[in-house]
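All remarks here apply to the structure that follows.
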Amino acid sequence: MIDAPENASAPPGAGLGLRRALMGPLLSMADEAVDFLELAPENWIGVGGRYADGLDELGERFPFVMHGLSLDIGGPDPLDMQLLDGVEALMRRFDIGLYSEHLTYCAADGHLYDLLPIPFTEEAVRYVSGRIRQVQDRLGVPLVLENASYYAQAHRDLSEAEFISAVVAESGCELLLDVNNVYVNSINHGYDPVSFMERLPLDRVRYMHIAGHYDEADDLKVDTHGTDVIDPVWDLLYIAYARTGPLATLLERDFNFPGLSDLLSEIEQIRSAQASSGMATRGRMPAGAAHTARQRLDAADWATAP
Ligand SMILES: [Fe+2]
């Protein structure tokens, strides 16, 4: 079990995903360039050599949060306690207080190498909440779960927002709000992204993700993390901040990497949105920001939220 961190919140500000392909540029950037780094434990457990040296150096310079890929919290297989041993070891080694994952399943008698939606049912709420409590008991910290992007529609008796809310209430977990996933799902499944967000327990959001996606067609967006963030997703971030305050936010970029300066300019955009939101929460709404964003989204032809 991890000792409760002194500051249980995510590191404030704007963070970047720590990918091996970015190790060189990240080591060369200034300490103030980002506020934290996010790493996938699966990519770093048991790693040695120059990557381990680089990880150690970055760990001395930047706070880390952990974002897992393969916990399979909603799947039928037993939980991978060996993975959790590795997660705990990394949390201890780098004094990490936050472990996030996806509210999905990714295995059924072996890995499926995809993050798939859990059926939105009461039975699934009880099942996944039991597994979340197992993880929380093992690690001694709340598990933080991300609203997933999905393409095939899972069986549902509940709406997506009702399902997420019920899991949070029953398990005591926290949320990682991925605003790009909200946007992508809102297009692919035809709902209003703002109404969807407003139906979530936003007081349980620990931090946020923002990312680019692939534009397959007007009604099909694919959550790839391989392009720049587009304006409607930035707008959604402003709208989220207006409701949650300027929570820590991570820029996800997994491939097709631009130069570090381009990534850092998106980091600056996050910081700028956070600064605007901070002003707004003190009653000084900055020009543009959430109001304009809401107007722009209202102008779109959204269907009803799920
Ligand atoms: Fe994400």
Rounded to whole Hz and in sequence order, give me ³J(HN,Hα) for region 156-173 from the Karplus expression 6.51 cos²θ - 1.76 cosθ + 1.60, θ = phi - 60°, writing x for Gly and Pro.
9, 9, 10, 6, 4, 5, 5, 5, 4, 4, 5, 5, 4, 5, 7, 9, x, 6
Cα-centred dipole magnitude for region 23-180, charges only on beta-carbon of K, R (+1) and D, E (-1), debye, nearest 20
180 debye
The chain, dipole about Cα centre (Lys/Arg Cβ +1, Asp/Glu Cβ -1), debye to the nearest 20:
660 debye
Between TYR207 and residues 5 or more places away or on another chain, which pairs have amide H atoms under 5 Å apart, with H built 1.01 Å from N, and which residues are they?
LEU177
Taking K and R as +1 and D and E as -1, what net charge do the other residues with C-beta under 12 Å from the C-beta of ASP157 add up to?
-3
Can you give the helix-only mean residue ellipticity at 222 nm for the chain, where every DSSP H stretch with n ≥ 4 adds -39500 (n - 2.57) and the sum goes over all residues, rounded to the nearest 500 deg cm²/dmol?
-13000 deg cm²/dmol
What whole number of Å gives the distance from the Cα centroid of region 73-113 to the Cα centroid of region 252-274?
27 Å
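Counting Lys +1, Arg +1, Asp -1, Glu -1, what net charge surrounds LEU16 among other residues with beta carbon under 11 Å of its beta carbon? Walk me through the numbers before you get to the answer.
Details: positive: ARG19, ARG253; negative: ASP35, GLU38, GLU252, GLU266.
Taking every other residue near LEU16 into account, the sum is -2.
Arranged from highest to lowest average of other beta-carbon atoms within 10 Å per residue, in what order do the peptides 39-46, 11-18 appear? Intermediate values should be presented prior to the final figure.
Details: 39-46: 16.1, 11-18: 22.1.
The peptides rank, most packed first, as 11-18, 39-46.
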Please compute the net charge surrounding LEU143, taking Lys and Arg as +1 and Asp and Glu as -1 over other residues with Cβ under 15 Å from its Cβ.
-3
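With 10 angstrom as the radius, rank GLU198, GLU174, GLU38 by how many other C-beta atoms surround their C-beta, starting from the fewest.
Numbers: GLU198 14, GLU174 21, GLU38 26.
With the fewest neighbours first, GLU198, GLU174, GLU38 line up as GLU198, GLU174, GLU38.
Every number in this text was worked out from the coordinates using simple rules, so none of it is lab data. Owing to the predicted nature of the structure, the values given are computational and were not obtained by experimental measurement. As a convention, Cβ positions derive from the backbone with ideal geometry for all residues, glycine included, and neighbour counts pool all protein chains shown.
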